[in-house]
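Asker: Dropping the structure in here first, questions after.
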Amino acid sequence: MHELVTFGETMALFAARRTGPLRFARDFDLGLGGAESNVAIGVARLGHRAVWVGRVGADEFGDLIRATLAGEGVDARAVADPTAPTGLMIKGRRTADLIDVRYYRKDSAGSRLCAADLDPELIRSARVLHVSAITPALSESARDAVRHAVAEARAAGVLVSLDVNYRRALWTPEEAGAWLRETVGNVDVLFATEAEGRLIVDADDPTELAKALAALGPRHVLVKFGAAGAMELSDGVVHRAEPYRVTEVDSVGAGDAFAAGWLADWLAGAEPAERLSTACAAGAFAVTSQGDWESLPRRADLGLLRRPADGVSR
Ligand code: KDG
């Protein structure tokens, strides 16, 4: 039986191998990326059963997405849409430490996701429903799918998790803020960076920000500070986690890894300090290599970040 259900758009991802303007890239690595499927992979690697639902084109990229997710142990329920292509994400490296992401996803198969693609029984029988605020920005039907899924999960007592994942290419801060304010009251777990939290409420201090977000409904509020760690406000108690020191290669996907680590530990019944530490460790692993999810940890990897002095693990 599955434990976590998630859904959203997953795209084929072309990552330039060379640093510099994209027009001079020449060679690309082909893979895939999608906030929710990244979370599903992360949760599966940490030992829990995850289902991802989405739409892909009836094309090579759709096949790639299906096969890769299956290979990662995710139960991928992808509707192949013959009328629209799989969306594309292109990752350039403008400078050695500046990644530049472009999306070609308008009218993609993934953006046509609709409520009818989601089996209500799948949601009702899960322990966690995880969504991101990318999905409601894709299309009216995708927004409707989120509304239905959240309502279904709430009614069945399934933990509802929402990662803000603000995408400025898809909607304005005002549009995102309005949707988020309308939705967070139906959410149990909220993941946000400080800037994303401020799309919803007005507060400068991070603790005040977390409190203001929690006052809207979520029992667990996670505020992420990137390389500076994270804080969690759960049941009125604040927990803080120090970051793990790693060499950053590609930060895209760190937030999804963080959510995956936290949710996997919630599923495992871990204490708040432990699950926050797992979330930070998963986020740290995610930034250590190219790709949005490839370097996500298995349980056995988590301890590796408490490194031996010579940096060699034997
Ligand atoms: O966090 C990384 C993901 O969000 C990425 O893999 C996909 O950017 C993405 C999007 O907008 O769906």
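The values are calculated or read from the model by the stated rules, or taken from the named source; none is laboratory data. Note that the structure is predicted; figures quoted are calculated from it, not measured. Backbone-built Cβ (ideal geometry, glycine too); neighbour counts: all protein chains shown. Protein only, heavy atoms only, side chains kept; ligands, DNA and RNA dropped before computing areas. Shrake-Rupley method; radii C 1.70, N 1.55, O 1.52, S 1.80 Å.
Asker: To make sure I understand the rule: partners must be lysines, Cα under 22 Å from the Cα of residue 106, and not fewer than 8 residues away in the same chain. Which ones qualify?
Answerer: 91
Asker: Counting only protein heavy atoms, what percent of the accessible surface of the chain is carbon or sulfur at a 1.4 Å probe?
Answerer: C and S atoms contribute 50 percent here.
Asker: Let me ask something else about it. How high is the FRET efficiency between residue 116 and residue 242 when r is their beta carbon distance and R₀ equals 51 Å, given to the nearest 0.05?
Answerer: The value I calculate is 0.70.
Asker: Let me ask something else. Along each of the three principal axes of the Cα atoms of the chain, give the extent in whole Å, ordering the values from largest to smallest.
Answerer: 52, 48, 39
Asker: Give, rounded to the nearest 20 debye, the magnitude of the charge dipole that the chain has about its Cα centre when Lys and Arg contribute +1 at Cβ and Asp and Glu contribute -1 at Cβ.
Answerer: 600 debye
Asker: If you place +1 on the Cβ of every Lys and Arg and -1 on the Cβ of every Asp and Glu, how big does the dipole about the Cα centre of the range 206-272 come out, in debye to the nearest 20?
Answerer: Computed charge dipole of the range 206-272: roughly 160 debye.
Asker: Distance between the C-alpha centers of the range 36-115 and the range 239-310? Whole Å please.
Answerer: 21 Å
Asker: Per residue of the range 259-270, in order, report the coupling 6.51 cos²θ - 1.76 cosθ + 1.60 (Karplus, θ = phi - 60°) as ³J(HN,Hα) in whole Hz, putting x for Gly and Pro.
Answerer: 4, 4, x, 5, 5, 4, 6, 5, 4, 7, x, 6
Asker: May I pose another question? Using a simple charge model, +1 on the beta-carbon of Lys and Arg, -1 on the beta-carbon of Asp and Glu, nothing else, what dipole does the range 1-79 show about its Cα centre, in debye to the nearest 20?
Answerer: The dipole magnitude comes to about 260 debye.
Asker: Would you kindly state how much longer the chain becomes between residue 155 and residue 58 on full extension, computed as 0.36 nm times their sequence separation minus their alpha carbon distance, in nm to one decimal?
Answerer: 31.5 nm is the gain from fully extending residue 155 to residue 58.
Asker: If you don't mind, there's one more thing I want to ask. Kindly provide the helix-only [θ] at 222 nm of the chain, computed as the sum of -39,500 (n - 2.57) over DSSP H runs of four or more divided by all residues, to the nearest 500 deg cm²/dmol?
Answerer: Rounded to the nearest 500, it is -10000 deg cm²/dmol.
Asker: Further question on the same structure: Is the range 1-41 best put as rounded, prolate or oblate by its Cα gyration tensor, with a ≥ b ≥ c the root eigenvalues, rounded for a/c under 1.5, and otherwise prolate when a/b is larger than b/c, oblate when not?
Answerer: prolate
Asker: Please name which of 139, 284, 261 has its Cα lying farthest along the dipole of the chain towards the positive end, using unit charges on Cβ (Lys, Arg +1; Asp, Glu -1) and the Cα centre as origin.
Answerer: Value: 284.
Asker: Now for a separate question. Which order do peptides 249-259, 81-91, 205-215 fall in by mean Cβ count within 10 Å, highest first?
Answerer: Descending packing order for the listed peptides: 249-259, 81-91, 205-215.
Asker: Continuing with the same structure: On a straight-distance basis, which lysines could pair with residue 211 in a cross-link, Cα separation under 17 angstrom, same-chain partners fewer than 8 positions away excluded?
Answerer: Cross-link targets: 224.
Asker: Related question: Which order do 79, 53, 237 take when ranked by solvent-accessible area (1.4 Å probe, heavy atoms of all protein chains), largest first?
Answerer: Accessible-area ranking of 79, 53, 237, largest first: 237, 79, 53.
Asker: Taking 8 Å as the Cα distance limit and 6 or more residues as the minimum spacing, I'd like the relative contact order of the chain as a percentage.
Answerer: For the chain, the relative contact order is 15 percent.
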